[in-house]
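Here's the structure we're looking at; comments come further down.
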Amino acid sequence: GFDPATKSIVNGADWEKMYRIGATLPQIRNIFESMGVRFISPEEAGVPKRLMHTNWWDFGPRAGFAYKLSDGARPFVIRGGYGIYGYPMPLRAFNARMRSNPPSNANFTFQFSDSAQSPDGLPNYGLRSVPSIIAGVNSRDVVNVDNPQGISRGSFRTVYFNPEQPTSRAHEWNFTVEKEIFQNTVVKVGYVGSHGSRLDMYYTYNQAPNDYVWFTREGVAKPTGEYSGTARRGFEQTMFGDIEEYQKTGWSNSQNFQFEIQRRYHKGYGFQFYYVLSNSMMAGGEGYSNMLPATNVFLPGAVPEDNKERTRFWLYRRDTTVPKHRYNWNFIVDLPFGQGKPLASTAGPVLDRIIGGWQLAGSGSLTSTWWSLPTGNWAFPGQLEIYGTKHKVQDCRSGVCHDAYLYYNGYIPANRINSYDENGKPNGVMGVPANYQPAHSPLIPMPADGGSSSDPNAPYYDSNTVWVTLKNGKEQRTSMNTNMHPWRNQFFSGLYRWNQNASLFKVIPVKERVNFRLNIDFFNVFNMPGIPKTPDANSGLIDAEYSGNGARSLQFGLRLTW
């Protein structure tokens, strides 16, 4: 744990227990305390012994209804429901970060190449001497556990639980209309909504701003010396690195409309097809990307001061793990061969066992994707245009030409647009349309002729280099990054991905209670390659020579049941 009021780390166990179970060593504790880090007990911090308050009164009611509007051969039914669900937080999300907390994290090394550890105090001792330590022979006690390494001011991260950890919840509601339109065939149209609350989120409030924000906000050079790793931080400037509070303050919203038509298996065939349209938004949830920074890492006035308002402004975005469009289908059909079938209906017992009783089943999907705009460049010379697969080009920049699509007008250096080398060999992106203008570019883009070494900007071609005037009048060179890129959290619908699997199978009766089942399974039955992935965010290219799906594969199986 951590106590912001006293800027102290809260140990859930006493020192003797931590030493006994190997969670830390006195030597590590001494290094942290020598820097001024203070360790206190849960009682001193005013939090429970387990560091979190227990939730005794979680309540998850659910209610639903169904009503038949009409009787007869083709019933018409409406259904609806509402429920509140609780679910546990994923352990992996915080375990991976909390194991780096002091006082349980340090490195123990012995390196001859380190001048601080070499016998003569000079570097590269291992290159200048005959090896005196042989692994497995006399190396057991070489590493000195009394000399922890890698601990310095600002070098360690502190991650802790907010003592209030309410159970994550989901509110879900739905309304469905069902109508039987033919015998054994039903159409369903429905709406499903959900609201997630108390989702996982990190509040990180001791970060240092990037160089551009620091120079622009403060107007002074970066600190140096012993406190160089801490002096620019927002909450504590002498000891701690990043401080992350694990909170339950995130939320999500999802609206889903679905259509389904289903025929139950009858008279030799059945099928199901459904379509789902989803719009899902989120702020928080599992993952390190859901971190709310403090205001000191932005330019003044760029983000709201209030944490809740800043969360909505900074983190609330589309949930790209949920496709916007999903089409799914499955089917089963009897093949028309064998006794009682349209073909070979008079087949004898032996022939019928070979050709009769076969069934074909399959399932497939067609799903949309999301892709995000890049946030590395800070100039916007043209309007964003999404071409899809309209412009097929060749990417020859590596020396070998590959078929590709210019999916959108990303940044291609001007000297690599339809370009050739001195031998007349293509060395750029060939086939770029004449009216192409990049939607984004570096602040100092590459000139069309490749530039000149006499140009003062030549060392900074294809970069976002800027010069900031400090308070003392000096020009400080750095890279543009306000930490507030205008294209952040911008997602667009990408290419669709689809696949079809199928299985040809039959049951071969041996006796009344003994059967064989023969399966021939086809994965990616049409051997559909598919365009491999979302476009390269920077250039806008999609390599068309790689498959997005695995090759068709067949699987044979014979099953004996009794």
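Brief remarks follow.
- Highest to lowest packing among 447-453, 290-296, scored as the average C-beta count within 10 Å: 290-296, 447-453
- Cα gyration tensor, segment 115-157 - rounded (a/c under 1.5), prolate or oblate: oblate
- Measuring with a 1.4 angstrom probe and ignoring ligands and nucleic acids, Trp487 comes out at about 40 Å² accessible.
- Each pair of Cα atoms in segment 181-225 enters the Kirkwood radius, and Stokes-Einstein at 25 °C and 0.890 mPa s then converts it into a translational diffusion coefficient of 144 µm²/s.
- Under 18 Å from Lys68, Cα to Cα: aspartates and glutamates that are on another chain or at least 8 residues apart: Glu178, Glu180
- Rounded if a/c under 1.5, otherwise prolate or oblate - segment 206-262, Cα gyration tensor axes: prolate
- The listed residues Tyr212, Tyr87, Tyr67 rank as Tyr67, Tyr87, Tyr212 when sorted by accessible area, largest first, using a 1.4 Å probe.
- Ordered from largest to smallest accessible area (heavy atoms of protein chains, 1.4 Å probe), the residues Arg20, Arg497, Arg416 come out as Arg20, Arg497, Arg416.
- If the segment from Val77 to Ser479 were pulled out straight at 0.36 nm per residue, it would be longer than the present Cα-Cα gap by 138.5 nm.
- Extension reserve of the Asn423-Phe182 stretch, reckoned as 0.36 nm per residue once the Cα distance is removed: 79.7 nm
- Pair Ala221, Thr6: separation of 7 Å Cα→Cβ label points (nm): 4.0 nm
- Cross-link reach list, aspartates and glutamates versus Lys425, counting only Cα pairs under 15 Å and skipping chain neighbours closer than eight places: Asp395
- Note that segment 484-562 shows a convex hull volume over its alpha carbon atoms of 130 Å³ per residue.
- P(r) of segment 300-378 over all Cα-Cα pairs, binned every 10 Å from zero, in whole percent: 14, 19, 17, 12, 11, 9, 9, 7, 1
- Radius 10 Å from Cβ of Thr176, net charge of other residues (Lys, Arg +1; Asp, Glu -1): 0
- Accessible surface for segment 29-166, divided over its residues, is 66 Å² per residue with a 1.4 Å probe.
- Computed over segment 125-280, the convex hull of the alpha-carbon atoms projects to a mean area of 22.6 nm².
- The stretch between Gln555 and Thr465, if pulled fully straight at 0.36 nm per residue, gains 26.8 nm over its current Cα-Cα span.
- Leading residue at positive end of dipole, the chain (Cβ point charges), from Phe556, Pro42, Ala414: Phe556
- Overall Cα dimensions of segment 61-187, principal axis frame, Å, largest first: 97, 38, 23
- For segment 356-501, carbon and sulfur atoms together expose 47% of the accessible surface, with a 1.4 angstrom probe and every protein chain in place.
- Note that segment 5-97, at 10 °C in a medium of 1.306 mPa s, gets a Stokes-Einstein diffusion coefficient of 84 µm²/s from its Kirkwood radius over C-alpha pairs.
- Mean separation of Cα contacts under 8 Å (6+ apart) over length of segment 226-381, as relative contact order %: 19 percent
- FRET efficiency, 1/(1 + (r/R0)^6) with R0 56 Å, evaluated for Ile134 and Phe313 via beta carbons: 0.40
- A probe of 1.4 angstrom, applied to the heavy atoms of all protein chains, finds Met480 with accessible area near 40 square angstrom.
- Taking every Cα-Cα distance in segment 260-415 and sorting them into 10 Å bins starting at zero, the pair-distance distribution P(r) comes out as 8, 17, 20, 19, 15, 11, 7, 3, 1 percent.
- Packing, taken as the mean count of other beta carbons within 10 Å per residue, orders the peptides 54-63, 396-405 from highest to lowest as 396-405, 54-63.
- Cross-link table Lys267/Lys506; Lys222/Lys474; Lys49/Lys308; Lys341/Lys506; Lys222/Lys308; Lys179/Lys341, entries beyond 23 Å C-alpha to C-alpha: Lys49/Lys308; Lys222/Lys308; Lys179/Lys341
- The residues packed around His325, meaning those with a beta-carbon under 14 Å from its beta-carbon, carry a net charge of +4 if Lys and Arg are +1 and Asp and Glu are -1.
- Per residue, the convex hull spanned by the alpha carbons of the chain comes to 328 Å³.
- Residues within the reach of a label modelled at Phe108 (point 7 angstrom out along Cα to beta-carbon, backbone nitrogen below 11 Å), restricted to segment 18-41, are 24-28.
- Between the beta carbons of Ser70 and Thr367, assuming R0 = 30 Å, the FRET efficiency works out to 0.25 to the nearest 0.05.
- Charge dipole of the chain about the Cα centre (unit charges at C-beta), most positive-ward option of Asn124, Phe161, Ala231: Phe161
The values are calculated or read from the model by the stated rules, or taken from the named source; none is laboratory data. Owing to the predicted nature of the structure, the values given are computational and were not obtained by experimental measurement. Note that we place each Cβ from the backbone using ideal geometry, even for glycine, and neighbour counts take in every protein chain shown. We work out accessible area using only protein heavy atoms, side chains counted, and drop any ligands, DNA or RNA first. Shrake-Rupley method; radii C 1.70, N 1.55, O 1.52, S 1.80 Å.
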